[in-house]
Structures are given as structure tokens and as C-alpha cells.
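Asks: Before we start, here is the structure in question, set down as C-alpha cells.
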Ligand SMILES: Cc1ncc(COP(=O)(O)O)c(C=O)c1O
């Protein structure tokens, strides 16, 4: 093991980090996290903070879940790897598929296809959507629709349906045939509509309009996050996703719920689709499926797709897609135990209760600090503050301002996630009421430091 000095000297030297400018990382070296327990992380200098980021929306059970750790260790001993490509499978992957279909029965889920993470899950869902229509004799249904502000990972397919140009422009040209409609984002939208129910209606009308313009018979699927996460935590009105489901049904379009962050309790319900009472055709999952302890994901598949693929007799239903690590036995074993632990701790209920405390605390902070332009949340432990220079112009706060809040909160004992002018909060779902209070007081200190 190298010394702490060696690690610090080489920080950001050889390692190009995701979502980071390499030169900026060299000029402002990132914090080196070396340990964690419970809901807290520790840096190389021994400074401990509550992790209000929850790893990256994935460490729902915190850092000390021994059952998941033991499942990983045990599986490494018995079968550390074997392929699940045609002809072989493994016991852990079989057990997990059974458990996932049982757990997500209310969402109408009947089958699971494994991946190595969220972007892989999105890519898989987009591909299966096209294949589904080909199997049904509608090969011209190739287009995808999605929401502006949505985040669907960074593969070319996912980036093409992403609704934030930050993840798009440097990598264009992207996949042709992807079109975006306005997000149900009350703080900023092209309709200047602040009422969530009316805005949901307008966005649904925009979807109908785009479908009519493109021609329904050319569209494979609509993909959306039940609550938009990385784009700044945008919860739509409760009427929105059911309206989308109805529009998709009426037009023969598949509905893909990107539940990479919302599945497994984050929203205070067991999935975002369940929160809104919708059965999607596919659900993309990853992240908390293993509590972030092992890279793993699953696309969960509903009745419509199951029937078409399994009923195919032409051979065209063969899934010529998958990853070396699809159904990785270590990930699958971790997920089997993680699901049990998730249920045992009833993290959805805790997310709902702590989320309500966090949301009202954030509203109190907004009443105190002028630079907080918008507070979003109210559904479990996902919330955001949008920071502006002043409320009238809504001009986004600059990077220096955001950094002051971030560093002050860090010194006060809380790790935040800054994304542009947004502070995004996605702590572990096992958070206590005291942890919520501590996050709020560190944020308060952060805004007070702006003077
Ligand atoms: C909704 C959503 N979809 C897809 C992804 C991509 O997942 P990954 O980073 O595991 O590839 C993310 C990641 O944050 C996400 O939030």
C-alpha cells in the first residue's frame, strides 16, 4: 500500500475522472475518500462527513451492510464468475430474477435481463424496444422520445435520449431519430406555467403533438425517469406519468421507465412507477440493486414484451445483445441479499419520513436565504436546491458561489453534490432524523458563508 503522501501527490495525475475536466482536477484536486461507515464517509485526512450524496444515488443501505458484503465474499469463494451467454447460467442469477419479478409484480414485471450498470440498462431497453416492434411486423418503429432535462446515462443510445446538452454536444452526432419534449419543470419551462397540474397537461399535449408530427407508426418508445434526478430533481405532477402511459398505449408506443435511481425505495415508494400507479413496459434498474457495492443492473420486462419475445417462432426473438458481466454471479448474489435487506429495513418508509423532514427543512432555508431560487423534492429522499443570483432574474449562480456552499458544508460535516446551479441531495435511505438536521444546518452554514 502506498503512503498517504504518495496518493495525494498523484491525485488526478494519471486518473482521468468521469464528468471532470482533467486540467481542473489537477488544479483543484478532488477529495480522496478512503473509508466509510453507516451514512458517513471519511477522507484521507480523517475528516468525516455525512454523505448527502449516497455514493451516487446508490448506497441506499449505507456503507456498513454486512449481509451484502458477506454475500459478495461468499459468492467470490463459490463461483467468482461464469458467463450467462447462451448455454450456461448460474444459480444466483436465476434466484435473483425470481425475486425481482416477485418484488416488482405490482409494476407488471415478468422477466429480467441483466446488465453491468444504468447506462447498460438504458441501452438494453432501447434495443429491445426496436426488436419488439420488428417482431410484431412494424420495423419502421425505430424512433425514441424523451424528456428534456432527463438523464439516461452516457452510452450513445442513452446520450441520444438525454435531455441535457451538457452530455450531448461534445459527442454529437448522436443517434438519429431521437426527439425531446419539455420537462414538467415548474421553475423554468417554455409555457411559463408554474402550476404543476396544468404544466403536466401541457407537457402531455406536447408529447401528443410530437407523436402526431413524427407519425406514431415511426416511434418505438418513450423513455422517462418517474422523477427526474440528475437533471435537478424534477418531480412531475402525479397526473403526468399516467397520462404518458395512456398516450403511449393509444399510439402503440412502449413506455420505458428509467428507474436507475428511483427503484428500491428512493421516492418513498418501492419504485417511481409504483409511486405514480403506472405499469411500464420496461424498467431500467442498477445502482441500489447491489447497494452500490458491486456494478450491476437489470432491465425488468413487462407482459407485452414477454409475450412477443417468448411467442416468437421465427428465431428473430433471439436477443443478440448482452454483456460479459450480464448476470455476474457476484452481483446477482449481492442483489439477492440486498433486496432482502432493503425490505427488512423498510427503507421506502424511512425515505418517505426523512424525505418529508428534509423537504420542509429546505423550504425553511429558502425562506432565509435569497439565493435559493427553487426547492424541489417532496417524494422520498431526493431533493434539490436551485441557486440563483437573485430571484427576479433567476440567473443561475456561478461556480465560485456553488463551491463556497460546497466547501463550507463539507467543513461543517456534510458532503453535497453540486451540479451546475443545483445542489442535489440523495442520501442513504437509512438516514436518521438527526442526520437530516445535520445536513440542513451544514447547508445553512454554506449559504450563510455567501454573506
Ligand atoms: C436515471 C438514470 N439513468 C441512467 C443512469 C446511468 O447509470 P450508470 O452511471 O450506472 O451507467 C443514471 C446515472 O445516474 C441515472 O440517474
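Asks: Report whether or not residue 360 is at pLDDT 95 or above and part of a loop (DSSP other than H, G, I, E, B).
Replies: No.
Asks: All but one of (1) in a helix (DSSP H, G or I); (2) within 23 Å of the chain's Cα centre (by Cα) hold for residue 249, so report the exception by its number.
Replies: The single condition residue 249 does not satisfy is (2).
Asks: Residue by residue through region 245-265, note down the ones that are more than 16 Å from the ligand (Cβ to nearest atom) and in contact with a strand residue (DSSP E or B) (Cβ under 9 Å, 6 or more places away or on another chain).
Replies: Answer for region 245-265, where residues must be more than 16 Å from the ligand (Cβ to nearest atom) and in contact with a strand residue (DSSP E or B) (Cβ under 9 Å, 6 or more places away or on another chain): 245, 247, 248, 249, 251, 252, 253, 254.
Asks: Just to be sure I understand, how many residues within region 291-313 are assigned to a loop (DSSP other than H, G, I, E, B), more than 11 Å from residue 132 (Cβ to Cβ) and touching a residue at least 12 places away in the same chain (Cβ under 8 Å)?
Replies: Of the residues in region 291-313, 6 are assigned to a loop (DSSP other than H, G, I, E, B), more than 11 Å from residue 132 (Cβ to Cβ) and touching a residue at least 12 places away in the same chain (Cβ under 8 Å).
Asks: Yes or no: residue 149 out of contact with any helix residue (DSSP H, G or I) (no Cβ under 6 Å at 6 or more places or on another chain), within 15 Å of the ligand (Cβ to nearest atom), in the same structural domain as residue 264 (by TED's automatic domain parsing) and modelled with pLDDT under 95?
Replies: So residue 149 fails the test.
Asks: Here's another thing I want to ask about it. Which numbered condition in (1) touching a helix residue (DSSP H, G or I) at 6+ places or on another chain (Cβ under 7 Å); (2) over 30 Å from residue 421 (Cα atoms); (3) within 11 Å of the ligand (Cβ to nearest atom) is the only one that residue 167 fails?
Replies: Looking at each condition in turn, residue 167 falls short on (2).
Asks: Follow-up question, since we're still on this one. Scan 288, 220, 263 and give me the residue that is outside any helix (DSSP H, G or I), under 17 Å from the mean Cα position of the chain (by Cα) and outside the structural domain of residue 37 (by TED's automatic domain parsing).
Replies: 263
Asks: Among the strands (runs of 3 or more DSSP E) confined wholly to region 377-451, which include 2 or more residues that are surrounded by 23 or more Cβ atoms within 10 Å (Cβ to Cβ)?
Replies: It comes to 383-387, 422-425.
Asks: Wholly within region 10-80, which helices (runs of 4 or more DSSP H) include no fewer than the required count, namely at least 2 residues that are more than 25 Å from residue 229 (Cα to Cα)?
Replies: Fully inside region 10-80 and qualifying: 22-27, 66-78.
Asks: Please count how many residues of region 227-244 are closer than 16 Å to residue 352 by Cα and either modelled with pLDDT under 95 or within 12 Å of the ligand (Cβ to nearest atom) (or both).
Replies: Final tally of qualifying residues: 2.
The values are calculated or read from the model by the stated rules, or taken from the named source; none is laboratory data. Everything numeric in this text was worked out from a predicted model, so none of it was measured. A quick note on method: Cβ atoms are made from the backbone with ideal geometry, for glycine too, and the neighbour counts reach across all protein chains shown.
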